[in-house]
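**Student:** Take this structure first; my questions come after.
The values are calculated or read from the model by the stated rules, or taken from the named source; none is laboratory data. Fair warning: this is a prediction, and the values are worked out from it, not measured in the lab. Cβ coordinates were reconstructed from backbone atoms using ideal geometry, including for glycine residues, and neighbour counts include every protein chain displayed. Protein only, heavy atoms only, side chains kept; ligands, DNA and RNA dropped before computing areas. Shrake-Rupley method; radii C 1.70, N 1.55, O 1.52, S 1.80 Å.
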Amino acid sequence: MSKEQALLQTYNLNGLELPNRVVMAPMTRSRAEEKNAPNELMATYYAQRAGAGLIITEGTAPSPNGLGYARIPGIYSDAHIEGWSNVTKGVHEQGSKIFLQLMHTGRVSHELNMPEGAKILAPSA
């Protein structure tokens, strides 16, 4: 079997059955417009790329103070969970798997990109 053929064969990743060995690396798209919730545009984007055996999402803030710049998605509210559920549903319907990449922007945070009253958490100088 050639390397090209092997790339397209199913693969067992520690018990997770992948349809192929293609992995889509994370890329920040900055499309989570309303309260940093994943939306239909994002669901379409990921579903269109579900030919990859595994998709790793863009960096996603685990808390409000993890937002460092505009329109990155979160995973800390009911709206975020609902949005990501729609994304994963579309990917799973295409037969692919998806992992969420957690990202806290730390020192690049800016108060204007965070909810009112949120505190910037980052390492000291």
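**Student:** Hey, among the residues in region 104-125 that are part of a loop (DSSP other than H, G, I, E, B) and closer than 15 Å to A37 by Cα, which one's most open to solvent (accessible area, probe 1.4 Å)?
**Tutor:** First, the residues of region 104-125 that are part of a loop (DSSP other than H, G, I, E, B): 104-105, 109-110, 114-125.
Within this subset, residues satisfying the condition of being closer than 15 Å to A37 by Cα are 114-115.
Values: M114: 19, P115: 55 Å².
Per the criteria, the residue is P115.
**Student:** Given the options A25, A52, A37, name the one that is hydrophobic (A, V, I, L, M, F, W, C) and touching an Asp or Glu at 6+ places or on another chain (Cβ under 8 Å). Lay out the reasoning, then the answer.
**Tutor:** On the way: A25 fails: touching an Asp or Glu at 6+ places or on another chain (Cβ under 8 Å); A52 fails: touching an Asp or Glu at 6+ places or on another chain (Cβ under 8 Å).
Sole residue among the options that is hydrophobic (A, V, I, L, M, F, W, C) and touching an Asp or Glu at 6+ places or on another chain (Cβ under 8 Å): A37.
**Student:** Ok, one more. Under 6 Å by Cβ, and 6 or more places apart or on different chains, what pairs join a residue from region 28-53 that is free of Cβ contacts under 8 Å to residues at least 60 places away in the same chain with one that is surrounded by 20 or more Cβ atoms within 10 Å (Cβ to Cβ) and of a type in the set (D, E, K, R)?
**Tutor:** Qualifying pairs under 6 Å: T28/E58; R29/E58.
**Student:** Right, another one. Give all pairs with beta carbons closer than 8 Å in which a residue from region 67-84 that is touching a residue at least 40 places away in the same chain (Cβ under 8 Å) meets a residue that is aliphatic (A, V, I, L, M) and in a helix (DSSP H, G or I); count only pairs at least 6 apart in sequence or on separate chains.
**Tutor:** G68/V108; Y69/V108; P73/M42; G83/M42; G83/A43
**Student:** Moving to a separate point now. Suppose we filter region 3-43 for residues that are of a type in the set (D, E, K, R), at pLDDT 95 or above and at positive phi; how many remain?
**Tutor:** Residues flagged as of a type in the set (D, E, K, R), at pLDDT 95 or above and at positive phi within region 3-43 amount to 0.
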